[in-house]
Amino acid sequence: MRHFDYKAVAQEAKIPADKLNFLAKAVREEFPTDDMMYELHLMRVCSAIQSGYVSLEDAIHPRKAA
């Protein structure tokens, strides 16, 4: 069962499939057994990229806080 349509948001944000797969793997590590939380957080990352709050590169390679 799908809870959130993160793929549509990713398409609107023009996130390439290989980069989306990378983001999906990273988010899945955070939520290995909770599909709803996994999809929610992946959708939120895609939405943040689409809105310009974070770049795709920063989402893939986050910088460590000083």
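The values are calculated or read from the model by the stated rules, or taken from the named source; none is laboratory data. Bear in mind the structure is a predicted one, so any value in this text is a computation, not a measurement. Here the Cβ is made from the backbone with ideal geometry for all residues, glycine too, and neighbour counts use every protein chain on show. Side chains are part of the model used for accessible areas, which takes the heavy atoms of the whole protein and leaves out ligands, DNA and RNA. Shrake-Rupley method; radii C 1.70, N 1.55, O 1.52, S 1.80 Å.
Relative contact order, whole percent, for the chain stands at 43, derived from Cα pairs under 8 Å and 6 or more residues apart.
If you model the stretch 1-62 as an ellipsoid using its alpha carbon gyration tensor, with each semi-axis the square root of five times an eigenvalue, the axes come out at 17, 13, 10 Å, biggest first. Largest first, the residues Arg2, Arg63, Arg44 sort by 1.4 Å accessible area into Arg63, Arg44, Arg2. Only helical runs count toward this figure. For the chain, summing -39,500 (n - 2.57) over DSSP H runs of n ≥ 4 and dividing by all residues gives -19500 deg cm²/dmol at 222 nm.
Using a 1.4 Å probe, what is the accessible area per residue for the chain, in Å²?
Result: 74 Å² per residue.
What part of the accessible area of the chain, given as a whole %, is carbon or sulfur when the probe is 1.4 angstrom?
Roughly 54 percent of what the probe reaches on the chain is carbon or sulfur.
Within the assembled protein chains, the solvent-accessible surface assigned to Tyr38 is about 30 Å², based on a 1.4 Å probe.
Using the Cβ of Arg44 as centre and a radius below 13 Å, the other residues enclosed give a net charge of -3, where K and R count +1 and D and E count -1.
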